[in-house]
Structure formats: structure tokens, C-alpha cells
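Notes follow the structure.
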Amino acid sequence: MLLCRNDQQSLFAEVDTTFRQDVLKGLSFRPRTIPARWLYDRRGSELFEAITALPEYYPTRTERSILSYAASEIAALIGPNRVIVEFGSGSSAKTPILLSEVSPAAYVPIDISGEFLRESVAEVSDAFPDLPIFPVEGDFTATLALPEAISGTARLGFFPGSTIGNLVVPDAVDLLRVMAATLGAGSMLLIGIDRIKDADIFLPAYNDACGVTAAFNLNLLHRINRELAGSVPVDAFHHAVRWNDAEARIEMHLEAARDVDFSVDGRHFSMAKGETIHTENSLKYGPRDARVLM
């Protein structure tokens, strides 16, 4: 039961101003960096969903398998009639596994890509026609006001995909505090965290042979050109993946293949050949490391 109310659009927050600020600030920093959340416009979200189906990309199929195996145990632990609040819901591909087991009171998917969010919610609504669904477009790294309709109802936060790995540890801890504030007292959180493994397993997962991950990363430059009046020569950049052993993380970069000059929102930037824009981290945790987040 997708709730289509006249005031539903009030749930969808504007993100254009923050996107502009983050891009301009990130391109001015040394080293240059843009937060990973801006990879996920509609096209970026579509490309990421394609990534999750690639043979090299182990996290999605592994997590689905774990979730399917543990769903009944999770249901027993949390009890019935909780509202499931999914942070960064994307296509909500794993969500039906959880919804089928836990007898939820409602589902609140939160995602930064509004158009993609609405399409994904329609699919969940078709699969669960009696389930109230309240989509929220916004950046979940800041405290969000959840719909009044779920006020007073117990909540389970759902944060799969090892997305927590996109943040360095202090920022990850801050995010968990923000999630706690968004969910409210007495809530629970179900989170996916990727473990450290051999580099020959996880490096291909972020640099697939078909180039889908490269297209996902480069799409950020297309988005900057389209939404921020940019003149970035996309063909002058390539997708670069590095393993940072000291920080136990995969890093994605956009590396300049030649000296480039471009403008964004009226501001001029220059980059030398070999200089990069750091676009994403994916931290991997050892058996005891995840305790640092708690």
C-alpha cells in the first residue's frame, strides 16, 4: 500500500545546494575529494544495480545469502510490527527477504536519488500491496524527520550493502549517532559490514572486466557537467582503484590522463596529469574491528 498523499512531496528534500557546495569544496581541497553519496543520481543508481549483478561483485550475493539464512532468527529477535527504515534503499533488492519474515508495520525507504527511489518503491508496493510505504528522499547522513504516520511505532533500521564502509571510522561512528537520532529511542539497527579478505577477491569487485564500475565512477563527472554547468572533459579521466593497506580500504579515484582545465558553476579548476579526485572508500573490517563502531 503505497501512500500517495497530496503532501507527499514534502517528504522529498532538496539536495542541489548541498551537491554544489560539496563539489566546489571538494575540488578546491588537496587532495581533491567528493563524497561518495553524489555518485547516486538516477544513472548512477542504475549503474550500481548493474554492478551488484556482476560476477566479480561478491558483496550483494553474499549478503543476500546471509540474510536469507538468518531472516527467521532476525524476526524472532526484533518481534513483529516494527517499522522497517532502510537507509540508502537503492533498488530495495534485499528488502523483500526481510519484509517477508518480520511482519512489519510499515516500510520507510530513504534514498538520495528521488526518481530511482519512487520507481523502486512501486515495485515493493506491488509485492506487498497491504504494507504502508512512506518513501523519503534525502541525505541520511543528516538527521531526518520521519513521517508522522509512523510516530510512536517501534523501528528497525536496515543498512545493508556494507555502505558503512564508505566512511572513515570517525565519520562512521558519527553516522551511527545520526541514525540513532533519526530512528529514535528503543530502535534497533541491522547493518551489513564487509570483512577483510584477499586483495585478489575484492580488487576486481571494484574494477570489473566489463567496465561497469568505471562507468559508475565517471558518471559523477557527467552529473557535474549536467547539473552544475560544468565543462569537465570526461574523456580526460579514467577510473582508478587502489588498496590502501594502512587504512584497510579500497579507494576509488578519477585520475586525470592529461593536464586539464575546466569550470564548475562558474569557478575555474586545473588538474595535472596523474592528479585524482577521490570519490569513494570501502573500508573492510577484521573480526574485532567492527566493535570500534559500537
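The values are calculated or read from the model by the stated rules, or taken from the named source; none is laboratory data. Not measured: the values here are computed from a predicted model. Neighbour counts are summed over all protein chains in view; Cβ atoms, including those assigned to glycine, are modelled from backbone coordinates with ideal geometry. Ligands, DNA and RNA are excluded from the accessible area calculation, which covers all protein heavy atoms including side chains. Shrake-Rupley method; radii C 1.70, N 1.55, O 1.52, S 1.80 Å.
The residues ASP261, ASP22, sorted by heavy-atom accessible surface at 1.4 Å with ligands and nucleic acids left out, run ASP261, ASP22 from largest to smallest. Averaging the sequence gap over all C-alpha pairs within less than 8 Å and six or more residues apart, then dividing by the number of residues, gives the chain a relative contact order of 20 percent. Counting charges near ASN244 (Lys, Arg +1; Asp, Glu -1) among other residues having Cβ under 14 Å from its Cβ returns a value of -1.
Rank these residues by their accessible area, most exposed first, probe 1.4 Å: GLU247, GLU56. Numbers along the way, then the final one.
On the way: GLU247 100, GLU56 45 Å².
Sorted by accessible area, descending: GLU247, GLU56.
Roll a 1.4 angstrom probe over the protein heavy atoms and tell me the percent of accessible area of the chain that is carbon or sulfur.
Working: 7090 of 13600 Å².
Here carbon and sulfur together make up 52 percent of the probe-accessible area.
Remark: the VAL173-HIS238 segment gains 20.2 nm on full extension, using 0.36 nm per residue and subtracting the alpha carbon distance.
Indicate the gyration tensor shape class of the stretch 12-145 (rounded, prolate or oblate), computed on the Cα atoms with a ≥ b ≥ c the square roots of the eigenvalues: a/c under 1.5 is rounded; otherwise a/b larger than b/c is prolate and the rest oblate. Taking the square roots of the gyration eigenvalues as a ≥ b ≥ c, the stretch 12-145 is prolate.
Among 193-201, 136-144, 32-40, sorting by the average number of other beta carbon atoms lying within 10 angstrom of each residue, highest first, gives 32-40, 136-144, 193-201. Placing a label point 7 Å from the Cα of ALA229 along the Cα-to-Cβ direction, the residues of the stretch 260-281 whose backbone N falls under 17 Å from that point are 262-269. The calculated pair-distance distribution of the chain uses every alpha carbon pair, bins of 10 angstrom beginning at 0, and gives 6, 27, 35, 23, 8, 1 percent.
Computed from phi, the 3J(HN,Hα) profile of the stretch 261-273 under the Karplus parametrisation 6.51, -1.76, 1.60 (θ = phi - 60°) reads 10, 7, 10, 9, 6, x, 9, 8, 9, 10, 9, 8, 3 Hz, with x in place of Gly and Pro. Solvent exposure of the stretch 143-249 amounts to 46 Å² per residue of accessible area, where only protein heavy atoms count and the probe is 1.4 Å. DSSP bridge analysis restricted to the chain gives an antiparallel fraction near 50%, rounded to the nearest 5.
Close amide H partners of TYR285, meaning residues 5 or more places away or on another chain with modelled amide H under 5 Å apart, are ASP194, ARG195, ILE196. Legend: calculated FRET efficiency, GLU148 to ALA180, from the Cβ-Cβ distance at R0 = 22 Å, rounded to 0.05, equals 0.65.
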